[in-house]
1. Considering every residue within region 88-104, establish whether at least one is in a loop (DSSP other than H, G, I, E, B) and without any contact (Cβ under 8 Å) to a residue 60 or more places away in the chain.
2. Suppose we filter region 19-29 for residues that are modelled with pLDDT of 55 or more and crowded, with 22+ Cβ neighbours inside 10 Å; how many remain?
3. Residues in region 143-162 that are without any contact (Cβ under 8 Å) to a residue 12 or more places away in the chain and either crowded, with 16+ Cβ neighbours inside 10 Å or not acidic (Asp, Glu) (or both): how many?
4. May I ask you to say which residue of SER41, SER71, SER61 is surrounded by fewer than 14 Cβ atoms within 10 Å (Cβ to Cβ) and within 14 Å of VAL162 (Cα to Cα)?
5. Just to confirm my filter: which strands (runs of 3 or more DSSP E) fall fully inside region 116-228 and include at least 1 residues that are farther than 30 Å from VAL247 by Cα?
6. Restricted to region 233-264, and to residues that are surrounded by 18 or more Cβ atoms within 10 Å (Cβ to Cβ) and among the aliphatic types (A, V, I, L, M), which residue is nearest to GLN57 (Cα to Cα)?
7. Those residues that are more than 20 Å from THR182 (Cβ to Cβ), in a loop (DSSP other than H, G, I, E, B), in contact (Cβ under 8 Å) with a residue 24 or more places away in the chain and not aliphatic (A, V, I, L, M), I need them from region 46-73; list them, please.
8. Taking the options VAL102, VAL190, name whichever one is at pLDDT 95 or above, surrounded by 15 or more Cβ atoms within 10 Å (Cβ to Cβ) and not small (Gly, Ala, Ser).
Amino acid sequence: MIKKTLLFLICTAFAAQTAFAQAGGEGIEAVTYPSDDVTLSFVRPGQIAAVDVTAGQSVKSGQLLVRQDDSAEQAELEHLRAKAQNNIRIRAAEAQLAQKRVDFEKIKQAAQHGGATDFEVRNAELEVTISELSLEMAKFEQKQDERKHREMQMHVERMRIVSPFDGVVEKLFRQVGEATDTLKEVIRVVRIDPLWIDVNVPRPLAESLNIGQAARIQLSSGAGDAVAGKVVHKGAVADAASNTLLVRVEMPNAASRPAGEHVLVFFDRPGATGPSGQVSHRK
């Protein structure tokens with residue numbers, strides 16, 4: 001039993017050393033994927049009125065992609081805009097309050113000379129208070145109208161899908177005239193510059209890597225020079241079965257090579273002063 005355990009430990013150590021040497025000398029095979037990949041949808045049912053892009057088209061952040069039919073909502077928005085900008089009720093309430101204050105002062109002066117009763121004075125004072133409250137109500141209703149207008153603006157905005165980042169339209173799931181349900185996929189947008197590569201790195205090497213550390217990426221076809229990348233993430237949990245740790249490498253992609261390409265990733269050996277190993281061109 002002891003012999004079997006020792007044999008297992010020796011084999012495991014040998015495998016780790018071999019993987020470590022391969023990681024430094026011949027690179028680790030991995031696959032590129034988009035650094036951003038989102039499938040966008042509408043939050044409410046509706047009918048698609050316009051699709052402003054095509055599959056494969058480059059788009060900018062904030063660019064309009066797809067729009068639902070919002071003709072009814074636009075009419076309601078215009079109605080609410082007019083109410084929110086109308087201050088006639090406030091001006092009328094201010095004028096009424098000003099008149100009630102003048103009436104109150106006249107009645108109060110008349111009462112000092114016996115020309116008005118205490119009841120008339122209190123009634124005039126109450127009219128002033130009521131007019132003040134009417135003015136406050138008019139201002140409150142004005143703010144409510146402004147809030148309703150902003151709510152409708154946000155509702156109309158939710159009937160538009162815009163690109164969340166600079167990228168490429170990968171796929172359109174719906175066309176003009178088709179109905180859309182809540183949260184059903186409408187369009188997929190990806191960012192392929194930069195590309196990301198998730199590499200399962202042997203733990204001895206992975207633990208020596210730092211965020212921002214350089215890496216070299218070579219296409220598995222051997223075409224072209226190696227591309228300079230960098231480490232942007234290290235996993236927090238190692239895979240016990242393979243004794244590896246996930247390391248994410250960012251690869252610039254100005255040439256817009258498609259994602260999903262097999263590559264070889266090279267890291268510097270711990271303590272090395274330059275890139276480890278030579279690029280291995282596989283046939």
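1. No, the conditions are met nowhere in region 88-104.
2. Adding up the residues that qualify gives 2.
3. Number of matching residues: 5.
4. Just a single option satisfies the conditions, and that option is SER61.
5. Qualifying strands (runs of 3 or more DSSP E): 160-162, 167-172, 185-202.
6. Per the stated criteria, the residue is ALA259.
7. THR54, GLY56, GLN57, LYS60, SER61, GLY62, GLN63
8. The conditions single out VAL190.
The values are calculated or read from the model by the stated rules, or taken from the named source; none is laboratory data. Model, not experiment: these values are computed from the prediction. Ideal geometry is used to build each Cβ from the backbone, glycine not excepted, and the neighbour counts take in all protein chains shown.
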